[in-house]
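Taking it in order: structure first as structure tokens, then the write-up.
The values are calculated or read from the model by the stated rules, or taken from the named source; none is laboratory data. As the structure is a computational prediction, the values presented were derived from the model and not from experiment. Virtual Cβ from ideal backbone geometry, glycine too; neighbours counted across all protein chains shown.
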Amino acid sequence: MKYVILIGDGMADRPCRALGGLTPLAAAPTPNLDFMARNGRLGLAKTVPDGMPPSSDVAILSLLGYHPKGLITGRGPLEAASQNLDFGPGDLVFRLNLINVEETGGALLMRDHAADNISTQEARELLAALAEELPLTAGQRLHPGVSYRHILIWPDPAPDQAPSHAPHDYRDRDLTPFLNDPAAAETAALVRASRPILEKHPVNAKRRAAGRQTANCIWLWGQGRRPVLKTFQERWGLTGAAVSAVDLIKGLGILTGLETPAVPGATGWVDTNYKGKVEAALEALTRLDLAVVHLEAPDETSHRGELDLKMRALTDFDSQVAGPLLEALPDFGDFRILAASDHPTPLELTTHTADPVPFLIYSRPPTNEPSGRPFSEAEASATGLLVSPGADLGLLLFGPEK
């Protein structure tokens, strides 16, 4: 038996007036997902436990069949693990975003949490300047990642009480109150110090000249310490690989013993290398039991409030990932596919919510009565099936834990 988990990050949404009251998932042409939902099991899953933030680390760990309470300490250490960075159990690891801010009327507005999806090469040049000029204390280390996503390791003793504010939650909002929070004094000092360094950098000068948004500030958040997780082999008795452009997913893969193949051209945006991701998943399945394929673009387009691009991301998810995998998997014999959103990212809110998400499980040979319904939030709700906690999806997909 081969297993595939398809994750459309932020794919779920709420009804949109521009779509006549439909959600993007209901309105977008997704014939492959609809086929699997009609001929498989369809329902909702509560991937975010009560009292936990609706973040991708929490929700995706649920989709992998792990109960996130007590396991997730922050996304920073997961992303550091994806880069095989050396950090101790007492070190605090922050996610560092390159962002765009605008100072106006005494307010510091966060205009873009991703600095217009700055390229990885540009970001590396900016990180090198920050590493040289920021007033880092002994042992603090910056590590470049992909595009706007980077890492700061803060050795023990670290500011445990520093608040964590995900920047994609504060688009066009004033950051000054957060920077003036006494609990954030140490991290706020680095944020403020980053601005003159980045404003004067040649990378940003070129971006301004080209009419592009600059990466003129950093933001520190998502901090935590190294988690301890059972491997997939220990929990489910399976080997596997996680295919993603995003360090968070690669980190979860590494910490759960999954391979994390590098896919050239995988960007986490609508221009990602879909074909390369599918090829990496199929190659992994020639040797392993499971392939996890994660697509970030639905979430990123939602954070920007861009309906047309979200529709494109959903259509591409279906036609360029779900379709080719569905066509190729019969060559491997028996198989099961779980396809789901990790959390909703409603376009009207441009941030995550903790609402249950639609999921489908398609099996060959079939293991249940077909739902007869297409893949959408409303159709999944209409089945009356709610998997709560969401980590119990693992029991539906893989069977009993080991």
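In the set A339, A391, only one residue is under 27 Å from A297 (Cα atoms), in a strand (DSSP E or B) and of a type in the set (G, A, S); that residue is A339.
All of L44, L22, L63 fail the test of being under 22 Å from S371 (Cα atoms) and surrounded by 24 or more Cβ atoms within 10 Å (Cβ to Cβ), apart from L63. In this structure, does F317 turn out to be among the aromatic types (F, W, Y) and buried (at least 19 other Cβ atoms within 10 Å of the Cβ)? So F317 fits the description; yes.
If you filter segment 230-265 down to residues that are assigned to a loop (DSSP other than H, G, I, E, B) and among the β-branched types (V, I, T), you find that the one that is farthest from G70 (Cα to Cα) is V263. Scanning segment 1-19 for residues that are buried (at least 24 other Cβ atoms within 10 Å of the Cβ) and of a type in the set (K, R) yields no hits at all. Against the condition hydroxyl-bearing (S, T, Y) and either within 18 Å of T351 (Cβ to Cβ) or not assigned by TED's automatic domain parsing to the domain that holds R195 (or both), how does S82 come out, does it pass? Taking the combined requirement at face value, the residue satisfies it.
The condition of being hydrophobic (A, V, I, L, M, F, W, C) and under 25 Å from the mean Cα position of the chain (by Cα) holds for only one of L152, L134, that being L152. Residue-level analysis places L329 among those that are on the phi < 0 side of the Ramachandran plot and touching a residue at least 40 places away in the same chain (Cβ under 8 Å). Meeting the requirement of 3 or more residues that are buried (at least 17 other Cβ atoms within 10 Å of the Cβ), the helices (runs of 4 or more DSSP H) wholly within segment 103-220 are 120-133, 185-199, 202-209.
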